[in-house]
Each structure stands twice: as C-alpha cells, then as structure tokens.
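Everything below concerns the one structure shown next.
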C-alpha cells in the first residue's frame, strides 16, 4: 500500500484564503489520478475522488477494553428503502431494552454503519420514551419496521420520546462516559424501558434503494 501524508499549520494567519480550523467537523476533499500529469497546466480530472468528515483536533476515538460485567446492546436500524422523490428522510423505530438481572447503566456508544451506507446516513439520535403505563403504549410497536418520523402515520405515543441519550453525526466515532458516570436503564431504576431511534438519511441524487 502507498500512504500519503500531508500537513499544514493550524494557524496560517491567512484570514482571506485559508479555512480557519477549529474543533468543529471538517469536510476533507481528496483526489488523485493513476498516472503522473504530463503537464501541470493541462491536468485532467482526477479519476479517484472522495470526501470524509473528520475531527482534526481531537484524538481518534478507540473502544476501550471492557471487563466481563459490561454487556453490549445492539440497536440496529431496519432495512429502509430510500424513496427516489425525497432528498432527505427521517426514519423512526421503537426499541425495548433487553431483560436485565440488576440495575444497569449505559456507559457509552459506538456507531455501527456499513461502509456502503455512510454516504446516506447523516445523523442518528436515540431518545428515552416516558409515558405512564409505558407497556400499554409502546409494547405493541416493538415489532413494527418503523415509520417516517413526524408524519401522519407516526403513532401519537412516539411524540413522548423526547430525551436524547445518544447523538451521533457524520464524523463521529463514538463516545464513552467518564468512569464515574452512567445512565440508568429501566423505569424501575429511574431510566427508560422504551427508546426511539431517529435516523436521518440523505439522498441528494434521488437514487432509489
């Protein structure tokens, strides 16, 4: 493999032409060709091109090693077909926490997004759902494939899922809470038993599928 490494000063003192870097997400554009140009004044359009959103200042996130008492809860989005008449789609799906033998806390999250879908997934939010007698309001929707968020077919009870516990956006790689912090799961422990995941899909080229 060939590795290309480049750098630039963080502060260039050029406030007119250079992008001022910060802690925000930066959209990096890259391109290269298979052959060297024969004339720098007649460079053809590069064959290999792409983009990536990065946090340039922060260190790369790495999942730490866990003890045996740490369990994973996989919250996967269903297969959603993107319509060819919408450039953006918000899809909502309801989830219930698995049975827990004791009081359990959320201590972090890691996104799981297939490489082929990265260009379409803009952000993901996971909300707590709070209503009295929550089983009555939410249990019946667990097996539902989901619904377009905030549309006419979205169940009314889902509008009470408003407290976000996970927020991921393009460029994010996950987050771990401080060692002394955690978010309780289960209504009996002051948390939530049901959760709503909102996934924002982008389809600017109106490609079906």
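Where a number appears in this text, it was derived from the coordinates with a stated rule and is not lab data. Just so we're clear, the structure is a prediction, and the values are computed from it rather than from any experiment. FYI the Cβ positions are ideal-geometry reconstructions off the backbone, even for glycines, and counts take in every protein chain you see.
Laid out as a table, the results:
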{"quantity": "Contact order relative to length of the chain, as percent, for alpha carbon pairs under 8 angstrom and 6 or more apart", "calculated": "30"}
{"quantity": "Theoretical ellipticity at 222 nm over the chain - DSSP helices of four or more residues, -39500 (n - 2.57) apiece, nearest 500", "calculated": "-500 deg cm²/dmol"}
{"quantity": "Over the chain: Kirkwood hydrodynamic radius from C-alpha pairwise inverse distances, Å", "calculated": "20.7"}
{"quantity": "Computed FRET value (nearest 0.05) for residue 25 with residue 87, which takes r as the C-beta separation and R₀ as 22 Å", "calculated": "0.60"}
{"quantity": "Paired Rg and Dmax values of the stretch 57-97, which use every Cα atom, in angstrom", "calculated": "17.0, 47"}
{"quantity": "Exposure proxy ranking, count of Cβ atoms within 10 Å, fewest first, for 162, 104, 199", "calculated": "162, 104, 199"}
{"quantity": "Least to most buried among 150, 90, 138 (fewest other Cβ within 10 Å first)", "calculated": "150, 90, 138"}
{"quantity": "Residues 158, 91 arranged by fewest to most Cβ contacts within 10 Å", "calculated": "91, 158"}
{"quantity": "Evaluated over the stretch 88-202, the Cα radius of gyration and Dmax, each in Å", "calculated": "14.7, 42"}
